[in-house]
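Colleague: The structure follows.
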Amino acid sequence: MKSQEMQHVEHGFGPVWDADSRVLVLGSMPSPNSREAAFYYMHPQNRFWPAMAALFDEPVPEASAAARRDFALRHRFALWDVIASCDIAGASDSSIRNAVPNDLAPIIRASRITHVFTTGGKAAQLYRRLCAPRLVAAGIGMPMTPLPSTSPANARMRLPQLVEAYRAVAEACGMAG
């Protein structure tokens, strides 16, 4: 596998949320596939959407931003990423450098979000280092639960294990299936 060159990347698209969102699911930075599609978890082998569909006992939403946005909002989970911009090699979270965080406070204040979940170890690490202190400074106390990555790079976790790990999201949304 050839190593990819570091490049500076801007997130490129905004959060998915509305006033009724109950939880915020944060990745680190969208993959090249997701940046190209301008939506979350769009790599064809990413298991995020199959896991969420299983949790809510629905078919996997079609691979369009509109269908997946509707699915997230119907089930009251918001989607965004910890990072607004960074230097990264391809989709490798371990290569992330010079991360600039997104400002989470405005959507948390304007919604019913009471819990943050991060997808993957790097998202959790960056959230703790970059976002949590800013939220505390803004007077927002927010529990955060780290979840395993749904990326194809996390091949050791099979879909049933991911569904079980993500069950807490559905429960926090008040819509566990």
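Colleague: Using amide H atoms built in the peptide plane, which far-off residues or other-chain residues are under 5 Å from Ile83 H to H?
Modeller: Result for Ile83 returns Asn102.
Colleague: In addition: Would you kindly derive the ³J(HN,Hα) couplings of region 78-86 from the backbone phi angles with the Karplus curve 6.51 cos²θ - 1.76 cosθ + 1.60 (θ = phi - 60°), listing them in order in whole Hz, with x for Gly and Pro?
Modeller: Couplings: 8, 10, 6, 10, 5, 9, 8, 7, 6 Hz.
Colleague: Mean shadow of the chain, computed from the convex hull of its alpha carbons, in nm²?
Modeller: If you wrap the Cα atoms of the chain in a convex hull and average its projections, you get 9.4 nm².
Colleague: Test of understanding: extend the Cα→C-beta vector of Val100 to 7 Å, then name every residue of region 1-38 with backbone N under 13 Å from that spot.
Modeller: In region 1-38, the label zone of Val100 (backbone N under 13 Å from the point 7 Å along Cα→Cβ) covers 8-12.
Colleague: Which residues' amide hydrogens lie under 5 Å from the amide hydrogen of Ala78, considering only partners 5 or more residues apart or on another chain, with H built in the peptide plane?
Modeller: Result for Ala78 returns Arg22, Val23, Leu24, Val25.
Colleague: Tally Lys/Arg at +1 and Asp/Glu at -1 over every other residue whose Cβ is under 14 Å from the Cβ of Gly120; what's the total?
Modeller: Counting the neighbours of Gly120, the net charge comes to +2.
Colleague: Of the accessible area of region 1-152, with the probe set at 1.4 angstrom, what percent is carbon plus sulfur? Each step should come with its number before you reach the end.
Modeller: Numbers: 3570 of 6940 Å².
The C+S portion of the solvent-accessible surface of region 1-152 is 51 percent.
Colleague: Accessible area per residue, 1.4 Å probe, Å², for the chain: what's the number?
Modeller: Numbers: 8400 Å² over 177 residues.
Result: 47 Å² of accessible area for each residue.
Colleague: I need to check one value: relative contact order of the chain, counting alpha carbon pairs closer than 8 Å and at least 6 residues apart, in percent.
Modeller: Numbers: 314 pairs, mean separation 55.6, N = 177.
Worked out over the chain, it gives 31 percent.
Colleague: Add -39500 (n - 2.57) for each DSSP H run of 4 or more in the chain, then divide by its residues: what number comes out at 222 nm, to the nearest 500 deg cm²/dmol? Show your work: numbers first, answer last.
Modeller: Numbers: 7 runs with 56 residues, N = 177.
After summing the helix terms and dividing by residue count, I get -8500 deg cm²/dmol.
Colleague: Follow-up question, since we're still on this one. Ranked highest first by average number of other Cβ atoms within 10 Å, how do 130-141, 20-31, 91-102 line up? Please report the intermediate quantities before stating the final value.
Modeller: On the way: 130-141: 13.6, 20-31: 23.5, 91-102: 16.1.
Going from most to least packed, we get 20-31, 91-102, 130-141.
Colleague: So if I place +1 on the C-beta of Lys and Arg and -1 on the C-beta of Asp and Glu, and nothing else carries charge, what would the dipole magnitude of the chain be about its Cα centre? I want it in debye, nearest 20. Provide the component values of the computation, followed by the final result.
Modeller: Details: 18 positive and 15 negative charges, 81 e Å.
Here the chain has a charge dipole of around 380 debye.
Colleague: Obtain the nm distance between the two label points defined at Ala19 and Glu62 by a simple spin-label model: each point lies 7 Å from its Cα along the Cα-to-C-beta direction.
Modeller: 3.0 nm
The values are calculated or read from the model by the stated rules, or taken from the named source; none is laboratory data. These numbers were taken from a predicted model, which means no experiment stands behind them. FYI the Cβ positions are ideal-geometry reconstructions off the backbone, even for glycines, and counts take in every protein chain you see. These area figures cover heavy atoms from the full protein model, side chains too; ligands, DNA and RNA do not enter into them. Shrake-Rupley method; radii C 1.70, N 1.55, O 1.52, S 1.80 Å.
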